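The values are calculated or read from the model by the stated rules, or taken from the named source; none is laboratory data. Because the structure is predicted, anything quoted here is derived from the model rather than measured. Heads up, the Cβs are rebuilt from the backbone with ideal geometry, glycines too, and the neighbour counts pull from every protein chain shown. For the accessible areas, the whole protein counts, side chains as well, though only heavy atoms, and no ligand, DNA or RNA atoms are used. Shrake-Rupley method; radii C 1.70, N 1.55, O 1.52, S 1.80 Å.
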Amino acid sequence: MQFRCNTKKLAEALAVAGRAVSSKTSMPALEGILIRTGDHQIILQAYDLELGISTTIEAECRSDGEIVLNAKIFADMVRKLPGDTVEVKSDDKLLTIVTSGAAEFTILGTPAVEFPELPSLSDGASIELPENLLSSMIRQTIFAISTDESNPIHTGILFELQEKTLRLVAVDGFRLAIRTEPVTQDGSFAFVVPGKTLAEISKLLHSESDEKITVTVGEKHILFDIAGYTVISRLLEGQFLDYKSVLGGNTTAHARVNARALTDSIDRASLLITDRLKSPVRCIFESDRIRIKCSSSIGKVYDEVSAAFEGEPCEMGFNNRYLMDALKAADCDEVRIQLGGPLSPMKICPPDGDAFIFLVLPVRLNADG
């Protein structure tokens, strides 16, 4: 195998594909990237048996072949090469020479036959979405996924399509995030994508681009075609929370407040909270404002934010990080807050409609404070 290509493009492709390389494995091939020469291009693939990333870049291919090279070593080599072009040449014994300018590296590769084949989704159902829309929907839900591996299904995001409405749902036991958007796609499906996969997808998506990307879903895997990269992932199995059952409940009060102002106030109150000194942030909802209080062994803080409030006054306590995560994800100037009492979840919505719904569970407050 022998090819020559642009150094910068190869370095970029290796950096992205490298995110799917296994860090702990008994299979040496999974620590590498498969390189295969094609018709005026090379194909790069990485796969950790759960997440796979592949891409192609233009290249001058002088002889066909395929090899697996250690992902970290090869990527570091290419990233630090001095020339604009790089030449890679492997012999029958897998000895590989990487040359650029006056620099030359020699490394030993692994046979390509030891690299596992990526799953095929030739019979899957597809949906097209604008890049910026998928980026927004993931960003507004991924903060609420669970990190508890004892219930793996909630370490991902539920994708649900019904009646031309796409809905993403994440839950971790303390908060719930729902993002809804009308689409032109017919059909009905529901599947759960691992949070790790969606974190990598987010890095590839351009939040300002309305270019269409294709999402293909099979029985056990999902495939995203994004800007020259193909990302394939296994789906999570299990029974996802019946989120609709937790959306009910009586609303006894509601408020409209500037999202940034409330976030900044919670942030200031958080200065007295550390991993060692945990304390809830108290939110007192009343007539025309929300009063913010927090106390710990370090000291006390008081602040208040103007709000349009209607209903019964209410005092609630929250985990500061959970509340700030939801407010930051709102991505709008004003939010609508619905309350059902001091021990019922706070519901955060846009000023109008229900494009997103964030539920944050309160914590039980002591009588003092």
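Taking Ala59, is it crowded, with 20+ Cβ neighbours inside 10 Å and within 32 Å of the chain's Cα centre (by Cα)? If you could, list the steps in order and put the result at the bottom.
Values: crowded, with 20+ Cβ neighbours inside 10 Å: yes; within 32 Å of the chain's Cα centre (by Cα): yes.
Yes: the conditions hold for Ala59.
Report every pair of residues separated by at least 6 positions or lying on different chains whose Cβ atoms are under 7 Å apart, first residue within the stretch 64-92 and within 15 Å of Phe105 (Cβ to Cβ), second part of a loop (DSSP other than H, G, I, E, B) and charged (D, E, K, R).
Here the result reads none, with nothing in the stretch 64-92 linked to a residue that is part of a loop (DSSP other than H, G, I, E, B) and charged (D, E, K, R).
Out of everything in the stretch 204-220 that is assigned to a strand (DSSP E or B) and not basic (Lys, Arg), what residue ends up being most open to solvent (accessible area, probe 1.4 Å)?
Just the residues of the stretch 204-220 that are assigned to a strand (DSSP E or B), to begin with: 212-217.
Applying the additional criterion that residues be not basic (Lys, Arg) yields 213-217.
Values: Ile213: 3, Thr214: 39, Val215: 6, Thr216: 17, Val217: 21 Å².
In this case the residue turns out to be Thr214.
Which is open to solvent by less than 20 Å² (accessible area, probe 1.4 Å) and at pLDDT below 95, of Cys294, Cys283? Steps first, answer last, please.
Details: Cys283 fails: at pLDDT below 95.
Matching residue, one of Cys294, Cys283: Cys294.
Would you mind finding the one in Ser202, Ser209, Ser245 that is among the hydroxyl-bearing types (Ser, Thr, Tyr), closer than 26 Å to Ala326 by Cα and free of Cβ contacts under 8 Å to residues at least 12 places away in the same chain?
Numbers: Ser202 fails: free of Cβ contacts under 8 Å to residues at least 12 places away in the same chain; Ser209 fails: free of Cβ contacts under 8 Å to residues at least 12 places away in the same chain.
Being among the hydroxyl-bearing types (Ser, Thr, Tyr), closer than 26 Å to Ala326 by Cα and free of Cβ contacts under 8 Å to residues at least 12 places away in the same chain holds for just one of Ser202, Ser209, Ser245, which is Ser245.
Here are Ala103, Ala75: which of them is touching a Pro at 6+ places or on another chain (Cβ under 6 Å), among the hydrophobic types (A, V, I, L, M, F, W, C) and not assigned by the TED database to the domain that holds Ile178? Write out each step before concluding.
Numbers: Ala75 fails: touching a Pro at 6+ places or on another chain (Cβ under 6 Å).
That would be Ala103, the only listed residue that is touching a Pro at 6+ places or on another chain (Cβ under 6 Å), among the hydrophobic types (A, V, I, L, M, F, W, C) and not assigned by the TED database to the domain that holds Ile178.
Tell me, which residue of the stretch 24-40 that is crowded, with 20+ Cβ neighbours inside 10 Å and among the β-branched types (Val, Ile, Thr) is nearest to Phe3 (Cα to Cα)?
Step by step, filter the stretch 24-40, then rank; the result is Thr37.
Working only within the stretch 221-234, note down all residues that are aliphatic (A, V, I, L, M) and either open to solvent by 20 Å² or more (accessible area, probe 1.4 Å) or closer than 14 Å to Glu128 by Cα (or both). Steps first, answer last, please.
Here is the first cut: in the stretch 221-234, the residues aliphatic (A, V, I, L, M) are 222-223, 226-227, 231-232.
If the condition is that a residue be aliphatic (A, V, I, L, M) and either open to solvent by 20 Å² or more (accessible area, probe 1.4 Å) or closer than 14 Å to Glu128 by Cα (or both), then Ile222, Leu223, Ile226, Ala227 are the ones that fit.
Residue by residue through the stretch 91-108, note down the ones that are farther than 14 Å from Val68 by Cβ and among the β-branched types (Val, Ile, Thr).
The answer is Ile97, Val98, Thr99, Thr106.
Given the condition in contact with a Ser or Thr (Cβ under 6 Å, 6 or more places away or on another chain), farther than 26 Å from Lys244 by Cα and not acidic (Asp, Glu), answer yes or no: does some residue in the stretch 322-333 qualify?
Scanning the stretch 322-333 turns up no residue that is in contact with a Ser or Thr (Cβ under 6 Å, 6 or more places away or on another chain), farther than 26 Å from Lys244 by Cα and not acidic (Asp, Glu).
Which strands (runs of 3 or more DSSP E) does the stretch 75-191 wholly contain that include 3 or more residues that are open to solvent by less than 60 Å² (accessible area, probe 1.4 Å) and of a type outside the set (S, T, N, Q)?
So the answer is 85-90, 125-130, 156-162, 165-171, 175-182.
From (1) of a type in the set (Lys, Arg); (2) closer than 19 Å to Asn132 by Cα; (3) in contact (Cβ under 8 Å) with a residue 60 or more places away in the chain, pick out the condition that doesn't hold for Lys164.
Of (1) of a type in the set (Lys, Arg); (2) closer than 19 Å to Asn132 by Cα; (3) in contact (Cβ under 8 Å) with a residue 60 or more places away in the chain, only one is false for Lys164: (3).
Take Cys314 and tell me if it is open to solvent by less than 80 Å² (accessible area, probe 1.4 Å) and under 25 Å from Val246 (Cβ atoms).
Working: open to solvent by less than 80 Å² (accessible area, probe 1.4 Å): yes; under 25 Å from Val246 (Cβ atoms): yes.
Judged against the criteria, Cys314 is a match.
Residues that are within 30 Å of Ala13 (Cβ to Cβ), in contact with a Gly (Cβ under 8 Å, 6 or more places away or on another chain) and modelled with pLDDT of 90 or more: does the stretch 236-243 have at least one? Full working, then the answer.
Of the residues in the stretch 236-243, the ones within 30 Å of Ala13 (Cβ to Cβ) are 236.
Now narrow it down to the ones that are in contact with a Gly (Cβ under 8 Å, 6 or more places away or on another chain): 236.
Okay, now just the ones that are also modelled with pLDDT of 90 or more, so 236.
Yes: one or more hits.
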